[in-house]
Structures are given as C-alpha cells and as structure tokens.
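Here is the structure we will look at, set down as structure tokens.
The values are calculated or read from the model by the stated rules, or taken from the named source; none is laboratory data. Since we're looking at a predicted model, the values are computed, not measured. Cβ placement follows ideal geometry from the backbone for every residue including glycine, while neighbour counts extend to all protein chains displayed.
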Amino acid sequence: MLTSASGPGKLPPMTDVTTDAADTRLRRSPLHERHTAAGAKFAPFGGWEMPLEYAGGGVLREHTAVRTGVGVFDVSHLGKARVTGAGAADFVNACLSNDLGRIGPGRAQYTLCCDDATGGVVDDIIAYLYADDHVFLIPNAANTAEVVRRLRAAAPASITVTDEHEAYAVLAVQGPRSAELLDSLGLPTGHDYMSFSSATSVAGVPVELTVCRTGYTGELGYELVVPAEHATAVWDALFAADESYDVRPCGLAARDTLRTEMGYPLHGQDLSLDITPVQARSGWAVGWDKPAFWGRDALRAEKAAGPRRTLRGLVAVDRAIPRPGMTVHFGETTVGTVTSGTFSPTLKQGIALALLDTAANLADGDVVEVDIRGRRAQMRVTRPPFVQPSVK
C-alpha cells in the first residue's frame, strides 16, 4: 500500500497500490508519455503504472475540476473482455449477478461476478450489451484475468471469451461541462445515462470509438473506449479544445475521493471475496428472480437470514480522516472496520465507508468512534452518498 500523510489534500491510500518486486513488470497505458509530459506522479495500481496526480494543483484541484467543470482520467488499466457467439447475452446473464434482460442493445449495466460457492465478489463489472450474441465487459484491472478464466471455464463451445485488456484505452471525461467538451469535438452526447453510441471521428480525425454515458465520479460524464493505437490522438483532441473549458487531467487519487463521496465501492476494499453484495448493500445489482447466476443460492440464503454486517457511511464530527482498516467502536464494543476513508474536498470533512455489525443495531445519526492511531474520533453513521450525485 502507498503510505501518505493523512491531512486534507494528501494522497489517499488505495488497497490496489503495490510496491513489491513485481513493479518492474507493470503494464503502462498507451498514454504514458503524455502523462509524463504533464508532470504526472505515478504509482503501481492493479498491475499497471498509472497517474496518481498531476503537477499544477494536485488532488484537490483535480477533484474540484470534476465537480465544477471537466476533468479527464486515463483509466486504460481497466480490463476489457468480449463475449461473442450464439446466446452470448444469455450466457453472461446466467453467470453475472444483474439481469441483462432489464436492458436492451446499446445500453450498459453495472453487475457483479460472484463466487458460486460463497457469494463473495470476484469483481464488479460494467457490461455493454451490443446484441444477443455480443457483450463487452469492463472489469477491474487486477481481476480481469480471473473473470475471463471463470467465464471461459463455464462457456459452451458456441461461446468465445476474448481477453482484450491491452487492445483498448479508456478515457473518462467527467464533470458538468463534459457534454459541451465532447460536442465541440463532434462526439455524440445526447444518449441516456448507462447507454452508449459509436463515433467514427474526433475533431475531424478518423477514429472509431465508443462513447459511453458512464463514469465513477457521480457527475455527468462519458467514458471513451478507444483502440489503443488511437488513444494519443483522442487525448490530444480533448486537451486542444477551446481554453474556456479549462480541461484538466486527473489522476487516480482524485478518482478515489470522488467515488468515495458518492459511496461507490472499490473492489478489494468495499467489495471482495470476503464481502458479499448483501453485506455491501449492492443487492440492487442482483437479479434476485433470475433462475441462475453465480452465487445465487448463497446470496439468497444470506439475504433471507440477514447479513451479519452491512456497509454504512461515516462522517467525521471533529477534525479526523478515517482510513481503511481502522476499527469502529460504539461505547466499549468494537462494531466494525473502515473499508474506505478519505478527506472529502466537497464537504471539507472526513468520510468513510465501514462494515458495521448488524447486531449493534446502529441507526443513521448514531455517533460511533473510529480509532485513528490510538485516538478515538467521533463519526456519525449515515447512508451514502455523502454528496448529491449529478450523473443525469
């Protein structure tokens, strides 16, 4: 884990950041040289060397750009996998948690790959439904190979599962002015939230890409899925746009503060093989009435019995910044653990997601204490999001 100071504006630690000998074999984004030129500070993340923040303002300025204007993230480390063949959509639907039957071609869906035996979360994924015989998946970087392995092991002969992790770059253009920026480049922006559209050029330059009305910041935004060989041309076009947009490159540190303000889970912290969708309050991403999906029996049993712990929000009452792994106390009883914690640039307060024991019967508004390096800081239990989302 990357270690950092815990004051406002400091880099938040993220579980997927590693510092072991494998760092010499990290993958790099096709935009690595552009990030270096922009003064990026890099860190290992999910097996990739990715920008954490940029010179000229750092995390707070990047976070604010997304909340008030427009910021661009390179999230090319995210996985890409394609499932094709007769019955591909039905096959994916019988494996992943959410119900693809709720959407039609041209739409995307947040879903989960769960372990069939335990219901724990192998990964959270965005599934793009192109047709009955074509589904494109974007899992997390560190879990792509495992998701692909499980799908391949379950696939019938008529279904092909292709790992396309490095074939595409993904650029997340996020913020209230994101549509204006993309409009100026001739890209489609009129489609609904969680839908996608194709484009054949950017600012007059021939490039085939997919424009998705998705993101993980809680703001109006788009994710551009671009063939890796065209990533630099698209990046350059975004930053060559009219200066009035004040487009700012943003790193993974700001992405972490933005998603935490929304209460969006990070796999490896708020979701994992040890944390089920029922515990993480992600049951809305489960098609409970589907006849089959991985983990169905385990999850239905847990839902019926009630989970032993649930993911809740915490807001600092005093000046304190919670971090993952810190213990939560109610009186003299230990009642849980912080899974994600950071300083909220929007609220100017510490915020956290924490797994709290259901037996403690904590209600929203109750005050608990988080052990911050031997000092107990008061925090109020709440239900995320911490900041009102503006995705639509």
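Quick check, is D90 over 18 Å from the mean Cα position of the chain (by Cα) and over 26 Å from F45 (Cα atoms)?
Here the answer is yes, as D90 does meet what is asked.
Suppose the filter is surrounded by 15 or more Cβ atoms within 10 Å (Cβ to Cβ), over 18 Å from G106 (Cβ atoms) and touching a Leu at 6+ places or on another chain (Cβ under 7 Å); does S184 pass it?
no
Of G46, G57, which residue is touching a residue at least 12 places away in the same chain (Cβ under 8 Å), over 21 Å from R150 (Cβ atoms) and either buried (at least 19 other Cβ atoms within 10 Å of the Cβ) or assigned by TED's automatic domain parsing to the domain that holds Y245 (or both)?
So the residue among G46, G57 that is touching a residue at least 12 places away in the same chain (Cβ under 8 Å), over 21 Å from R150 (Cβ atoms) and either buried (at least 19 other Cβ atoms within 10 Å of the Cβ) or assigned by TED's automatic domain parsing to the domain that holds Y245 (or both) is G57.
Taking the condition of being more than 29 Å from A169 (Cβ to Cβ) and either modelled with pLDDT under 95 or surrounded by fewer than 23 Cβ atoms within 10 Å (Cβ to Cβ) (or both), how many residues in the range 103-126 meet it?
The number of residues fulfilling the criteria is 5.
Given the structure, is E180 modelled with pLDDT of 95 or more and in contact with a strand residue (DSSP E or B) (Cβ under 7 Å, 6 or more places away or on another chain)?
Against the criterion (modelled with pLDDT of 95 or more and in contact with a strand residue (DSSP E or B) (Cβ under 7 Å, 6 or more places away or on another chain)), E180 does not qualify.
Conditions (1) at positive phi; (2) out of contact with any Pro (no Cβ under 8 Å at 6 or more places or on another chain); (3) β-branched (V, I, T), marked per residue:
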site: R308; (1), (2), (3): no, yes, no
site: H329; (1), (2), (3): no, yes, no
site: T346; (1), (2), (3): no, yes, yes
site: I351; (1), (2), (3): no, no, yes
site: V381; (1), (2), (3): no, yes, yes
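When the range 190-215 is examined, which residues are found to be buried (at least 17 other Cβ atoms within 10 Å of the Cβ) and not in a strand (DSSP E or B)?
M194, R213, T214, G215
For G331, only one of the following conditions fails: (1) without any contact (Cβ under 8 Å) to a residue 12 or more places away in the chain; (2) assigned by TED's automatic domain parsing to the domain that holds E33. What is its number?
Condition not satisfied by G331: (2).
Which ones in the range 300-324 are surrounded by 15 or more Cβ atoms within 10 Å (Cβ to Cβ), assigned to a loop (DSSP other than H, G, I, E, B) and touching a Ser or Thr at 6+ places or on another chain (Cβ under 7 Å)?
P307, I321, R323, P324, listed by residue number.
Within the bounds of the range 329-346, is there any residue that is under 28 Å from C114 (Cα atoms) and assigned to a loop (DSSP other than H, G, I, E, B)?
Within the range 329-346, none of the residues are under 28 Å from C114 (Cα atoms) and assigned to a loop (DSSP other than H, G, I, E, B).
Is the range 371-383 home to any residue that is part of a loop (DSSP other than H, G, I, E, B) and either among the hydrophobic types (A, V, I, L, M, F, W, C) or touching a residue at least 40 places away in the same chain (Cβ under 8 Å) (or both)?
Scanning the range 371-383 turns up at least one residue that is part of a loop (DSSP other than H, G, I, E, B) and either among the hydrophobic types (A, V, I, L, M, F, W, C) or touching a residue at least 40 places away in the same chain (Cβ under 8 Å) (or both).
Scan the range 246-265 residue by residue and report those that are more than 17 Å from A43 (Cα to Cα) and not polar (S, T, N, Q).
Within the range 246-265, D246, V247, R248, L258, R259, E261, M262, G263, Y264, P265 qualify.
Could you go through the range 240-255 and let me know if any residue there is surrounded by fewer than 22 Cβ atoms within 10 Å (Cβ to Cβ) and free of Cβ contacts under 8 Å to residues at least 24 places away in the same chain.
yes
Taking the options A231, A203, A199, A241, name whichever one is within 23 Å of H32 (Cα to Cα), more than 17 Å from the chain's Cα centre (by Cα), small (G, A, S) and at pLDDT 95 or above.
Among A231, A203, A199, A241, only A231 is within 23 Å of H32 (Cα to Cα), more than 17 Å from the chain's Cα centre (by Cα), small (G, A, S) and at pLDDT 95 or above.
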